[in-house]
Amino acid sequence: MSETVSFGYQQVSPAEKTARVGQVFQSVARRYDLMNDAMSAGMHRLWKDRFVRRVKPRLGESVLDMAGGTGDIAFRLAASGASVTAADINPAMLEVGMQRAARRGIDGLVWTEANAEKLSFPEKFFDAYTIAFGIRNVTDIPAALAEAHRVLRRGGRFFCLEFSQTLWPGFAELYDAYSHHLVPRLGRALARDEDSYRYLIESIRRFPDMERFAGMIRDAGFAQVAVEPVLGGLVAIHSGWKI
C-alpha cells in the first residue's frame, strides 16, 4: 500500500482517509437514502434490485453484505430466506439500518461493525459476499478484496455494485457536469452537507475503471470474473467465484 491514498481529489495518508471517510458517513447517515433517491432519480433502487437478482441468494445460504449500513441490500437478500450479516465500519450507518429494519418488521438480520480490510470472521464462512457502493470508500481495496476471498467458502461468489465511468458518447460529459455542479448543491439543500457529497462524487472519478477493477478482483484470487455495465458503465456489477 502506498504512503498516500486518494480522498476525492486529494492525496492523504491511509489513516487520514479512513478517519475522513468515517466523518463523511457519520455526517450523511440520516439523509443517505433521501440523497440516493435525489441524486439518481430513484434509479438506485432498480440497480440494487438487479444486483440482488444477479447474486441469486438462496434459502439457508450465509451471505455477508459489506458496507451494508442502511440495509438496502441486506433487506433484499434476506427476502430469499438467506441468513444475512450486514456489516459496516460506520456505527451511525448501522444504527440507521437497524432502525429501518425495526420499522419494517424485518428481523433475523445480524448487524455488525466491521472493517472490510480486516474481518473478524473465520475462513470459508460465507456462501456469498456483496458490497454495494462501498468499495470505493475503502482505504486499501486490495486488502478488502483479499478478505472477501478469505471468508468465502470454496464455490462462494463475490458481487460488487459500484459507480464507474460510462462509455456512452455524450452521456459521460452530461453526467460529469451534473455530478460536479448539482450533486453538491443537493447535498447542501437536503443533507446540509455540501462537502461530503463533493467527496463522494470525486471518489467516483478516482475509482478504477471497469477493466482495472476486474483485474484487481482477479489478483485477489477470484476466477470467472465478469463485469456487467449499466447505463454504459455509469454503474457496474462485478462478480467472481472462489474455486
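Data for the structure
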| read-out | value |
| --- | --- |
| Per-region count, the range 89-108, residues over 24 Å from Arg206 (Cβ atoms) and open to solvent by 30 Å² or more (accessible area, probe 1.4 Å) | 11 |
| All positions within the range 145-162 that are more than 19 Å from Leu200 (Cα to Cα) and out of contact with any Ser or Thr (no Cβ under 9 Å at 6 or more places or on another chain) | Leu145, Ala146, Glu147, Ala148, His149, Arg150, Val151, Leu152, Arg154, Gly155, Gly156 |
| Failed item in (1) more than 22 Å from Met39 (Cβ to Cβ); (2) within 19 Å of the chain's Cα centre (by Cα); (3) open to solvent by 30 Å² or more (accessible area, probe 1.4 Å), with Arg198 passing the rest | (1) |
| Residue ranges of helices (runs of 4 or more DSSP H) in the range 27-140 with at least 1 members within 13 Å of the chain's Cα centre (by Cα) and over 22 Å from Ser164 (Cα atoms) | 72-78, 91-104 |
| Unique residue being touching a helix residue (DSSP H, G or I) at 6+ places or on another chain (Cβ under 7 Å), open to solvent by less than 10 Å² (accessible area, probe 1.4 Å) and in contact (Cβ under 8 Å) with a residue 12 or more places away in the chain when the list is Ala38, Ala29 | Ala29 |
| Given (1) surrounded by 18 or more Cβ atoms within 10 Å (Cβ to Cβ); (2) more than 27 Å from Asp176 (Cβ to Cβ); (3) not charged (D, E, K, R), index of the condition Leu59 fails | (1) |
| Among (1) open to solvent by 20 Å² or more (accessible area, probe 1.4 Å); (2) touching a strand residue (DSSP E or B) at 6+ places or on another chain (Cβ under 7 Å); (3) not in a strand (DSSP E or B) - the single one Arg153 does not satisfy | (3) |
| Which numbered condition Gln11 misses (of (1) in contact with a helix residue (DSSP H, G or I) (Cβ under 9 Å, 6 or more places away or on another chain); (2) on the phi < 0 side of the Ramachandran plot) | (1) |
| Members of the range 62-73 found to be within 21 Å of His149 (Cβ to Cβ) and buried (at least 24 other Cβ atoms within 10 Å of the Cβ), listed by number | Val63, Leu64, Asp65, Met66, Ala67, Gly68, Ile73 |
| Residue count for the range 163-185, restricted to those that are at pLDDT below 80 and either open to solvent by less than 40 Å² (accessible area, probe 1.4 Å) or more than 20 Å from Leu200 (Cα to Cα) (or both) | 5 |
| Residue list for the range 205-243, filter: of a type in the set (Val, Ile, Thr), open to solvent by less than 10 Å² (accessible area, probe 1.4 Å) and more than 19 Å from Tyr175 (Cβ to Cβ) | Ile217 |
| One residue from Thr166, Thr139 being touching a Pro at 6+ places or on another chain (Cβ under 7 Å) and β-branched (Val, Ile, Thr) | Thr139 |
| Subset tally (residues that are among the charged types (D, E, K, R) and closer than 29 Å to Glu228 by Cβ) for the range 173-213 | 9 |
| Single residue of the range 1-26 satisfying the filter (under 14 Å from Pro91 (Cα atoms) and among the small types (Gly, Ala, Ser)) that is nearest to the chain's Cα centre (by Cα) | Gly22 |
| Residue within the range 119-131 that is surrounded by fewer than 20 Cβ atoms within 10 Å (Cβ to Cβ), closer than 30 Å to Leu186 by Cα and touching a Leu at 6+ places or on another chain (Cβ under 9 Å) present | no |
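The values are calculated or read from the model by the stated rules, or taken from the named source; none is laboratory data. What you are looking at is a predicted structure, and each value in this text was computed from that prediction instead of being measured. Here the Cβ is made from the backbone with ideal geometry for all residues, glycine too, and neighbour counts use every protein chain on show. Areas reflect the complete protein model, heavy atoms only, side chains present, ligands, DNA and RNA absent. Shrake-Rupley method; radii C 1.70, N 1.55, O 1.52, S 1.80 Å.
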